1. Restricting to region 80-130, what's the tally of residues that are among the polar types (S, T, N, Q), more than 18 Å from residue 69 (Cα to Cα) and not in a strand (DSSP E or B)?
2. For residue 63, all conditions in the list (1) open to solvent by less than 50 Å² (accessible area, probe 1.4 Å); (2) at pLDDT below 90 hold save one; what is the number of the exception?
3. Among (1) at pLDDT below 95; (2) touching a Leu at 6+ places or on another chain (Cβ under 7 Å); (3) not polar (S, T, N, Q), there is one condition residue 94 misses while meeting the rest; what is its number?
4. Name every residue in region 116-128 that is open to solvent by less than 80 Å² (accessible area, probe 1.4 Å) and more than 13 Å from residue 75 (Cβ to Cβ), in order of residue number.
5. Between a first residue in region 68-84 that is surrounded by 18 or more Cβ atoms within 10 Å (Cβ to Cβ) and a second residue that is polar (S, T, N, Q) and modelled with pLDDT of 95 or more, which pairs have beta carbons less than 6 Å apart while being 6 or more apart in sequence or on different chains?
Amino acid sequence: SVQLVMAALRALGLLARPAVRAPGSASVGCRSAVGYAWPCISRPMSTVVSVDEDMHDVAAHHVPKRTSSEFDGVVVSTKMEKTIVVAVSRFRLIHKYNRRQRYTKKFMAHDEHEECEEGDRVRIRMSRPISRRKRFSLAQVLNKVQKL
């Protein structure tokens with residue numbers, strides 16, 4: 001079974017022996033297993049490679065996790081001018097105990113029109129750095145808090 005996989009990879013040109021890089025080249029995703037570089041894709045260092053371009057010939061479990069660029073959260077502070085603090089709750093999977101653990105992280109976001117109030121449910125989006133700690137901007141207000 002292992003020999004068949006190795007032969008198929010060698011036939012596709014994804015398996016190179018020996019795993020030696022030429023000067024001025026970069027290897028993407030090389031693992032040495034029994035003297036082989038698996039899979040070893042060599043390109044000149046000046047070549048820019050996108051992840052999607054490279055991943056079609058590598059197994060699916062090697063695809064890196066992509067973090068989301070938008071988060072939903074609750075506004076916990078509006079004390080600064082044109083800035084809101086949003087608490088985003090997410091879940092982390094603990095494989096050992098087969099449980100989910102909730103954790104909360106606070107992000108500072110840019111609110112240009114100062115339309116948010118504490119308690120509002122909002123969606124924030126990654127943006128260019130606006131200040132030292134502000135890397136998000138307000139995308140939309142999902143639910144306004146009801147005033148009594």
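The values are calculated or read from the model by the stated rules, or taken from the named source; none is laboratory data. Since the structure is predicted, the reported quantities are computational estimates derived from the model, not experimental observations. A quick note on method: Cβ atoms are made from the backbone with ideal geometry, for glycine too, and the neighbour counts reach across all protein chains shown. For the accessible areas, the whole protein counts, side chains as well, though only heavy atoms, and no ligand, DNA or RNA atoms are used. Shrake-Rupley method; radii C 1.70, N 1.55, O 1.52, S 1.80 Å.
1. Counting residues in region 80-130 that are among the polar types (S, T, N, Q), more than 18 Å from residue 69 (Cα to Cα) and not in a strand (DSSP E or B) gives 1.
2. Failed condition: (1).
3. (2)
4. Correct list: 127 only.
5. 84/78
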